[in-house]
Each structure stands twice: as C-alpha cells, then as structure tokens.
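Worksheet: the structure to be examined is printed underneath.
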Amino acid sequence: MITYLQHLSFWDWLALATLLLILEVFGAGGYLLWIGLVAVGVGALTYLFPDLPWLWQFLLFGVLAMLSALLWRRHQQRARKLSN
C-alpha cells in the first residue's frame, strides 16, 4: 500500500475527484462538490510538479478540503440568515 501511495499520479486525484462529484449528485449538500474540486486542484499540482511527495499531496488535500467545507458551511449559514 505504501508503494502505491508513493507513486500517486494526477490520474489518481482525478479519479477521486470524479468519484466525489458523482457522489455529490446523490445529495451531499454541496460539500463533496468543493472537496472534489480540491482533488482536481491537487491533481493539477501533481501534474505540474510530478515529484511532489505523497505526504505533501495528502496534507494539501486535507487542509484545502477542510477549508472548503468550512467556507461552504459559512456561506450556507449566511444564506439561511438572509432568507429568514
């Protein structure tokens, strides 16, 4: 398993993004949309920097995914307050 992680390519990130975006269709409320777009972004960075270590890829994905989820939640709360 560690060997697979050490050789992640941008195709792996694009596959994860595709899976997350498909799951979003089933009603995740927008969260998986943004996390899927983060996976696309990490895939693009992996394409531009193919020697990017897998640990940095996962850290970047984790931080950006949490940030996007928090921003989406904040946006939803503001929209809810404005609609009331």
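Express the accessible area of the chain per residue in Å², computed with a 1.4 Å probe while the remaining protein chains stay in the model.
Values: 6180 Å² over 84 residues.
For the chain, the per-residue accessible area is 74 Å².
Suppose only helical runs count, i.e. DSSP H with n ≥ 4. What mean residue ellipticity at 222 nm does that imply for the chain under -39500 (n - 2.57) per run, divided by all residues and rounded to the nearest 500 deg cm²/dmol?
Working: 4 runs with 69 residues, N = 84.
Value at 222 nm, helices only, nearest 500: -27500 deg cm²/dmol.
Placing +1 at every Lys and Arg Cβ and -1 at every Asp and Glu Cβ, with all other atoms neutral, what dipole size does the chain have around its Cα centre, in debye to the nearest 20? Each step should come with its number before you reach the end.
On the way: 5 positive and 3 negative charges, 129 e Å.
Using Cβ point charges on Lys, Arg, Asp and Glu, the chain gives about 620 debye.
Can you pull the percent of region 31-75's accessible area that's carbon plus sulfur, 1.4 Å probe, other chains left in place?
On the way: 2460 of 3030 Å².
Within region 31-75, the accessible surface is 81 percent carbon and sulfur.
With a 1.4 Å probe and all protein chains kept in place, how do H7, H75 rank by accessible area, largest first? Spell out each step's value before the answer.
Numbers: H7 130, H75 105 Å².
Result, largest first: H7, H75.
With 18 Å as the cut-off, how large is the P(r) tail for region 3-80, expressed as percent of Cα-Cα pairs? List each step's numbers first, then the result.
Numbers: 1274 of 3003 pairs.
Tail of the P(r) past 18 Å holds 42 percent of the pairs.
I'd like to know which of L5, Y47, L37 lies farthest towards the positive end of the charge dipole of the chain, counting +1 on Cβ of Lys and Arg and -1 on Cβ of Asp and Glu.
L37
The values are calculated or read from the model by the stated rules, or taken from the named source; none is laboratory data. Nothing here was measured: the structure is a model prediction, and the numbers come from that model. In this analysis, Cβ positions are derived from the backbone assuming ideal geometry, glycine residues included, and neighbour counts consider all displayed protein chains. Ligands, DNA and RNA are excluded from the accessible area calculation, which covers all protein heavy atoms including side chains. Shrake-Rupley method; radii C 1.70, N 1.55, O 1.52, S 1.80 Å.
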